[in-house]
Amino acid sequence: MEILTASKLIKSYGKKTAVNDVSFTINVGDFIGLLGPNGAGKTTTIKMLTGLAKEDSGKIFYNGINFKSDPIECKRLIGIVPQNSNVDRDLTAYENLYMQAILYSIPVNERKKKINEILDFAGLIEYKDKQVKTFSGGMKRRLTLIRALLHQPKILYLDEPTVGLDPQIRRSMWELILKINQQKSTSILLTTHYIEEAERLCGKVMIINNGKIIIEGSPDELKKGIGHFVLEEFVDDAIKEDFFETKETALNHLKDCVNSCKIREVSLEDVFIKLTGKRINA
Amino acid sequence: MLNGFLGILYREFSVYRRKAAKQILASSISPLLYLIAFGYGFGNKVDIGGMSYITFLVPGLIAMASLNQSFSIAQELNITRFYFHIFDIYLTAPVPPVQIVMGEAVYGMFKGFLSAGIIFVLAFIFGVKLIINPMFFPAIIIHTLIFTTLGITVAMLVRDHGDQATVNNFIITPMIFLCGTFFPIDRLPVIMKWLVYFLPLTYSSKVIRATLTGGAVDYNYLLIMSGFAIVFFITSLLAVKRVEG
Ligand SMILES: Nc1ncnc2c1ncn2[C@@H]1O[C@H](COP(=O)(O)OP(=O)(O)OP(=O)(O)O)[C@@H](O)[C@H]1O
Ligand SMILES: [Mg+2]
């Protein structure tokens, strides 16, 4: 069942078309990655889907409800972890969540229990009465995530949720996110620069470049599309890449190498480079 | 039903609670200086319309300080919009824009009332005798509503902090000096006198003064003030509806 349908979204800032005719659907329980280089239009897409930016044209439906005609009903279904952290530094963790509880009409008698439960879930319960300005980056990110979950959204937007976190904390964030997706069947749209993680977590990825989705499919499908093996040849300072269906054909070509060469399996990053001509972390 | 309104009030007052003491002290300084400089300076020697200058000045200070405080919501909204992105929380929450305006307006009005209260205390300390007409209360409510909704409108329209400073310099500060807060407007040159009648403070400072010094309240002025409040409420609502995060 479709939770979100976005069709033909267009958004310009002055002369710059940030998002140029983007359409996709998200089904219940989906975990979808939206990948693209800096400035590709990922955040702008999420902003239109959450009411932070107004599309020039296009349509958005949540559960069949037109976002434009009933934004309030639609927004109840949405949870957001924005790229720019917007937890309130002046409030405590508890107060941040309490404000969310009021805004999302969680009944008064359930608020305290729900907030404490979710603080516990994220390992933040002992810091609940500390002001957020005293928090580390990882704690802030976790708080942002549970704040987005407090009202049990049907769809969660995660815009670079783990950027700037050290690998260990990043991994624990991913475990948390995966748990949410699987246990609560919350649909997730994720943008990230950690392409290996998108490859591991997302059932489907969409690659966006210059405001357009240029390809979409499961990570395996996308990889198959360019071949299974890469032959990397180091030519001067650059790396020349050739793609092959089988290891044998790749090995055959290895013989012709004059410089130092390497064969490895295709990754999503290769798909990305092949289609956009750019690395995701340029 | 009022989840947006209440959520915003919860946020604003949770933040305010922590800085209340500092803010109250800070907003007492400038009226105190005005009272010392102009009150003692001219004191009882200057007489305006049958009252001592300091008695004339206190209602003007109340109008000025409550204007400043309720308009300062613009500054606060700017910081939450551009630096901390708190405003995005309201824009993405299941909340109608009118409740965002209402929540911020009530907070801005509260700050205005508080600063008026501070000046009452200072006036008492300085021994200034005020005759409080109950019409003062609707007057101060409408007055702070005008400037807090103007503040919200401006905050939604500016693109950065610099724009905000420009608005303060070119609109707010001249208004504070020219609209009958420190001296009666009939002493202004004709053209300026004509101009200040386009500014809301001209009406509210007159009405506030009348309600505190035993003068006759001009109900037409109160009506005009309500007109300004309605217009700015609508502009702030339109501005919140079109603002992007
Ligand atoms: N408020 C704005 N005003 C003007 N231009 C904007 C605005 N927001 C985005 N843009 C432009 O739109 C384009 C898309 O930006 P967007 O933030 O959506 O990219 P992104 O894919 O999220 O990039 P990143 O990976 O860096 O977060 C960029 O060229 C950006 O400069
Ligand atoms: Mg982005």
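Looking at chain B, the accessible area is 44 square angstrom per residue; that uses a 1.4 Å probe and ignores ligands, DNA and RNA. Under the convention that each Lys and Arg Cβ holds +1 and each Asp and Glu Cβ holds -1, the size of the dipole of the protein assembly as shown around its Cα centre is about 1540 debye. Beta bridges from DSSP with both residues in chain A: antiparallel share about 65 percent, rounded to the nearest 5.
What nm distance separates the two modelled labels at A:S185 and A:H228, each placed 7 Å from Cα along Cα→Cβ? According to this spin-label approximation, the distance is 3.5 nm. Largest accessible area first, the listed residues B:T213, B:T173 line up as B:T173, B:T213 when surface is computed with a 1.4 Å probe on the assembled protein chains.
Pairing chains A and B buries close to 2500 square angstrom of accessible surface in total, based on protein heavy atoms and a 1.4 angstrom probe. For the protein assembly as shown, the antiparallel share of DSSP beta bridges with both residues in that region comes to about 65%. In units of the compact-protein estimate 2.2 N^0.38 Å, segment B:67-149 shows a Cα radius of gyration of 1.35. With each label point set 7 Å from Cα along the Cα-Cβ vector, what nm distance links A:C257 and A:K16? Distance between label points: 4.0 nm.
Give me the percent relative contact order of chain B, please, defined on Cα pairs under 8 angstrom at least 6 residues apart. Averaging sequence separation for qualifying contacts and normalising by length gives 27 percent for chain B. The label-point distance for A:V163 and A:E248, in a model that sets each label 7 Å from Cα toward Cβ, rounds to 4.6 nm. Membrane-span-like helices in chain B, defined here as complete DSSP H runs extending at least 30 Å along the helix axis by their C-alpha atoms with mean Kyte-Doolittle hydropathy no lower than -0.5, are B:3-34, B:97-125, B:136-157, B:219-242; this is a sequence and geometry rule, not a statement about a membrane. The A:M1 and B:K45 beta-carbon pair, evaluated with R₀ = 56 Å, returns a calculated FRET efficiency of approximately 0.10.
Summing Cβ point charges (Lys, Arg +1; Asp, Glu -1) relative to the Cα centre of segment B:3-244 gives a dipole of roughly 320 debye.
Here the mean projected area of the convex hull built on the C-alpha positions of chain B is 13.5 nm².
Rounded to whole numbers, the Karplus 3J(HN,Hα) couplings from phi for segment A:187-202 are 6, 10, 10, 10, 10, 7, 9, 8, 5, 4, 6, 4, 4, 7, 8, 8 Hz, using 6.51 cos²θ - 1.76 cosθ + 1.60 with θ = phi - 60°, and x at Gly and Pro.
Could you tell me the calculated FRET efficiency between A:I239 and A:K212, based on Cβ-Cβ distance and R0 = 25 angstrom, to the nearest 0.05? According to the calculation, E is roughly 0.40. Mean separation of Cα pairs under 8 Å and 6 or more residues apart, divided by the residue count, gives segment A:150-258 a relative contact order of 17 percent. Size estimate for the protein assembly as shown follows the Kirkwood approach: the inverse of mean 1/r over distinct Cα pairs works out to 26.5 Å.
Panel note: contact residues of segment A:31-77 (accessible area lowered by at least 40 Å² against the chain on its own; 1.4 Å probe) correspond to A:L52, A:K54, A:I72, A:K75. Backbone phi angles across segment A:61-66, fed through the Karplus curve with coefficients 6.51, -1.76 and 1.60 (θ = phi - 60°), yield HN-Hα couplings of 10, 10, 6, x, 8, 5 Hz in residue order; Gly and Pro are listed as x. Quick one: pull the percent of accessible area on the protein assembly as shown belonging to carbon and sulfur, 1.4 Å probe, ligands and nucleic acids left out. With neighbouring chains kept in place, the figure for the protein assembly as shown is 59 percent. Count Lys and Arg as plus one, Asp and Glu as minus one, and take only other residues whose Cβ is under 15 Å from that of A:I65; the net charge is then +2. Only one residue of B:P174, B:G214, B:F82 has its Cα farthest out toward the positive end of the dipole of chain B, where Lys and Arg carry +1 and Asp and Glu -1 on Cβ, and that residue is B:G214. Here's the list of lysines a cross-link from B:K19 could span, going by alpha-carbon distance under 17 Å and ignoring same-chain residues fewer than 8 apart: A:K130, A:K133, B:K111.
The values are calculated or read from the model by the stated rules, or taken from the named source; none is laboratory data. Note that this is a predicted model, so its numbers are computed, not measured. Quick reminder, even Gly has a Cβ in these numbers, built from the backbone with ideal geometry, and neighbours come from all protein chains shown. Keep in mind that these areas ignore ligands, DNA and RNA; they rest on the heavy atoms of the full protein, side chains included. Shrake-Rupley method; radii C 1.70, N 1.55, O 1.52, S 1.80 Å.
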